[in-house]
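Presented below is the structure to which this report refers.
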Amino acid sequence: MARHLPPAEYYATLPHHIGSAGAILHDAHGRILLVEPAYGDGHWEIPGGAMDEGEYPWDTARREITEELGLDVTPGRLLAVDWVPPQPDGRPAPANHLFDGGLVTEAHARAHIRLAAGELTAWHLATPDQWDTLMAPHMARRLHACAQALAEGTTAYLHHGNAPTPDHR
């Protein structure tokens, strides 16, 4: 006969995942705002970060844009959800939620962005051809999918930056 675990014990047996969210701030020319972290592997990223305990992804995106860039942005529609598998270095699997952060001009960005000290070193409105060289490959794929979702009015569901296929493993 199977033994039923109390809820707390059962939940402790489940896999551990993390959530994150960010916003795609873009200009009228198809450029997207990227940030250069002060830490990490040298790749640029989309503004955003990890969800706090009990926080909704939309609220995370808004909080992270305020904390990282000093901007008060109300995120728009969901552009993509990207599931990344657990990493060999022990990082748990994250579910990344990317929202439309709206239009931004270079002049507005220069006047209003205040980078989080110790967290970010630079920002850049990058063209699509720059994404593949500035970003980690899965993040560049994710950004291309977000740009397509923006243009088509759709939402992308991704597996490590790729549209899923029957043999996605």
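The values are calculated or read from the model by the stated rules, or taken from the named source; none is laboratory data. All of these numbers come straight from a predicted model, not from anything done at the bench. We place every Cβ from the backbone using ideal geometry, glycine too, and count neighbours over all the protein chains shown.
Among residues that are surrounded by 13 or more Cβ atoms within 10 Å (Cβ to Cβ), touching a helix residue (DSSP H, G or I) at 6+ places or on another chain (Cβ under 7 Å) and small (Gly, Ala, Ser), residue 80 is included.
Residue 25 fulfils the conditions (1) touching a residue at least 60 places away in the same chain (Cβ under 8 Å); (2) assigned to a helix (DSSP H, G or I) except for a single criterion, (2). Look at the stretch 64-76: where a residue is more than 14 Å from residue 118 (Cβ to Cβ) and a partner is of a type in the set (Lys, Arg) and not in a loop (DSSP other than H, G, I, E, B), sitting 6+ places away or on another chain with Cβ atoms under 8 Å, you get 73/62; 74/62; 75/62. Of the residues that make up the stretch 16-26, is at least one loosely packed, with under 13 Cβ neighbours inside 10 Å and modelled with pLDDT under 95? Yes, some residue in the stretch 16-26 is loosely packed, with under 13 Cβ neighbours inside 10 Å and modelled with pLDDT under 95. Checking each residue in the stretch 132-160 for being among the hydrophobic types (A, V, I, L, M, F, W, C) and under 21 Å from residue 87 (Cβ atoms) picks out 134, 135, 136, 139, 140, 143, 145, 158.
Being in contact with a helix residue (DSSP H, G or I) (Cβ under 6 Å, 6 or more places away or on another chain), modelled with pLDDT of 95 or more and either among the hydroxyl-bearing types (Ser, Thr, Tyr) or crowded, with 16+ Cβ neighbours inside 10 Å (or both) is a condition met by no residue of the stretch 54-62.
Yes/no matrix, rows are residues, columns are (1) at pLDDT below 95; (2) surrounded by 12 or more Cβ atoms within 10 Å (Cβ to Cβ); (3) closer than 21 Å to residue 26 by Cβ:
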| site | (1), (2), (3) |
| --- | --- |
| 93 | yes, yes, no |
| 98 | no, yes, yes |
| 102 | no, yes, yes |
| 111 | no, no, yes |
| 117 | yes, no, no |
| 133 | no, no, yes |
| 142 | no, yes, yes |
| 146 | no, yes, yes |
| 151 | no, no, yes |
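Does residue 126 satisfy being surrounded by 15 or more Cβ atoms within 10 Å (Cβ to Cβ) and in contact with a Leu (Cβ under 6 Å, 6 or more places away or on another chain)? Here the answer is yes, as residue 126 does meet what is asked.
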